[in-house]
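**Student:** Got a structure for you, questions after.
The values are calculated or read from the model by the stated rules, or taken from the named source; none is laboratory data. This one's a predicted model, so the numbers in the text were calculated from it and none came from an experiment. Counting neighbours? That spans all protein chains shown, and the Cβs are built from the backbone with ideal geometry, glycine included.
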């Protein structure tokens, strides 16, 4: 039998966050202790799912709610998400505007697949979350990326955004708080993005999965809360705020200009019906999560801010490194200025020599090979050990 060739649509699909783990596993098999600063999974570290959410899922399973859910999601979950929108300033949302998905990644895929034809494009940030690039390749869409500016706290370069819009552009992706930079966008920036979208009849994809993980008293402004004319797909979920990434509970909220968005919204729900449903029992955690105790968020943000402060202080003390202060999420996107000219080489070098596992910046689409992503989820002692080893590395390589 001749060799089976894979489809060309997956040729350029990569996922740097997981790809770097392959080499780390080899070292681990040799008995080496790996310092994991690579993956945005709070449960891998010392964060624990709130017990009342666990109890809600157990209860659903014990009641035999283990069959297919409604394709759009469990009613009580959708109603609770609509109520949450009112709390955050997103007006006129009903349960019918909410679609539950198997994590935000599936929600992104469903909505983009329902909107963008092969050969058309959607704007994504540089750097940005890799799943958008993977979906673009899958759909046969040329990449169309706008820069964010390190010197402006990684806010979008709005002039660059405008310049990238062409006849095939259908949407603008806004990740706020941002993965991988930890940037949090101002209301003024968001208003300008709305103006750009309105001028060019574009949909805004508002990826706001980290909207409750904030530092220094900062407030998150949902872009849908300040947009009536422009259709917005707000992407959220339980994964990060509520410490259950493995449960894969995400959602899409469709708002803004009902008449303009209705066919697109229906197409997304129709596509969701073709995959039957997202995982049923875990959706019964949505209402207890959103309407129940929120103490863990206060505690999580307090601990993460301490870890962010340590990261920001130590990295900027080490000659050869610099870092903009993250204001949300649990990521930083530092720059290195060392005698090594490739970010992949740098990442594998610190892995082999110092057993520090991070992710290279070009894996997030960033064009310059001089940045990398760190997570500051690990406990303080792990972070301190990691930065001490980075300091050793910087001295050795110079």
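**Student:** Need the failing condition index for residue 145 against (1) part of a strand (DSSP E or B); (2) without any contact (Cβ under 8 Å) to a residue 60 or more places away in the chain, just the number.
**Tutor:** All conditions are met except number (2).
**Student:** Still on this structure, please answer the following. Right, residue 180: modelled with pLDDT of 95 or more, outside any strand (DSSP E or B) and buried (at least 20 other Cβ atoms within 10 Å of the Cβ) or not?
**Tutor:** So residue 180 fits the description; yes.
**Student:** Among (1) over 16 Å from residue 397 (Cβ atoms); (2) in contact (Cβ under 8 Å) with a residue 24 or more places away in the chain, which single condition is residue 309 missing?
**Tutor:** Unmet for residue 309, out of (1) over 16 Å from residue 397 (Cβ atoms); (2) in contact (Cβ under 8 Å) with a residue 24 or more places away in the chain: (2).
**Student:** Take the residues of segment 346-381 that are touching a strand residue (DSSP E or B) at 6+ places or on another chain (Cβ under 7 Å) and either surrounded by fewer than 17 Cβ atoms within 10 Å (Cβ to Cβ) or without any contact (Cβ under 8 Å) to a residue 40 or more places away in the chain (or both): which is nearest to residue 45 (Cα to Cα)?
**Tutor:** Taking the candidates together, the pick is 372.
**Student:** Scan segment 80-109 and report the pairs whose first residue is farther than 26 Å from residue 131 by Cβ and in the same structural domain as residue 262 (by TED's automatic domain parsing) and whose second residue is modelled with pLDDT under 95 and assigned to a helix (DSSP H, G or I), with Cβ atoms within less than 9 Å and a gap of 6+ or a chain change.
**Tutor:** Listed pairs, sorted by first residue: 92/258.
**Student:** Can you name every residue in segment 228-262 that is surrounded by 23 or more Cβ atoms within 10 Å (Cβ to Cβ), within 30 Å of residue 198 (Cβ to Cβ) and out of contact with any strand residue (DSSP E or B) (no Cβ under 7 Å at 6 or more places or on another chain)?
**Tutor:** If the condition is that a residue be surrounded by 23 or more Cβ atoms within 10 Å (Cβ to Cβ), within 30 Å of residue 198 (Cβ to Cβ) and out of contact with any strand residue (DSSP E or B) (no Cβ under 7 Å at 6 or more places or on another chain), then 240 is the only one that fits.
**Student:** Are any residues in segment 217-239 part of a loop (DSSP other than H, G, I, E, B) and in contact with a helix residue (DSSP H, G or I) (Cβ under 7 Å, 6 or more places away or on another chain), and if so, which ones?
**Tutor:** Scanning segment 217-239 gives 221, 222, 227, 229, 230, 231, 238, 239.
**Student:** Can you tell me how many residues within segment 72-93 are out of contact with any strand residue (DSSP E or B) (no Cβ under 9 Å at 6 or more places or on another chain), within 20 Å of residue 258 (Cβ to Cβ) and surrounded by fewer than 16 Cβ atoms within 10 Å (Cβ to Cβ)?
**Tutor:** The qualifying residues number 3.
**Student:** Continuing with this model, one more query. Step by step: first the residues of segment 270-290, then only those that are part of a helix (DSSP H, G or I) and out of contact with any helix residue (DSSP H, G or I) (no Cβ under 6 Å at 6 or more places or on another chain), then the one that is surrounded by the fewest Cβ atoms within 10 Å (Cβ to Cβ). Which residue is that?
**Tutor:** 274
**Student:** Moving on to the next point. Restricting attention to segment 229-240, report how many residues are closer than 14 Å to residue 206 by Cβ and without any contact (Cβ under 8 Å) to a residue 60 or more places away in the chain.
**Tutor:** The qualifying residues number 3.
**Student:** Still on this structure, please answer the following. Quickly run through segment 110-142 and pick out the residues that are within 18 Å of the chain's Cα centre (by Cα), without any contact (Cβ under 8 Å) to a residue 40 or more places away in the chain and over 13 Å from residue 235 (Cβ atoms).
**Tutor:** 136
**Student:** Suppose we filter segment 1-47 for residues that are assigned to a loop (DSSP other than H, G, I, E, B) and either surrounded by 11 or more Cβ atoms within 10 Å (Cβ to Cβ) or without any contact (Cβ under 8 Å) to a residue 24 or more places away in the chain (or both); how many remain?
**Tutor:** Of the residues in segment 1-47, 24 are assigned to a loop (DSSP other than H, G, I, E, B) and either surrounded by 11 or more Cβ atoms within 10 Å (Cβ to Cβ) or without any contact (Cβ under 8 Å) to a residue 24 or more places away in the chain (or both).
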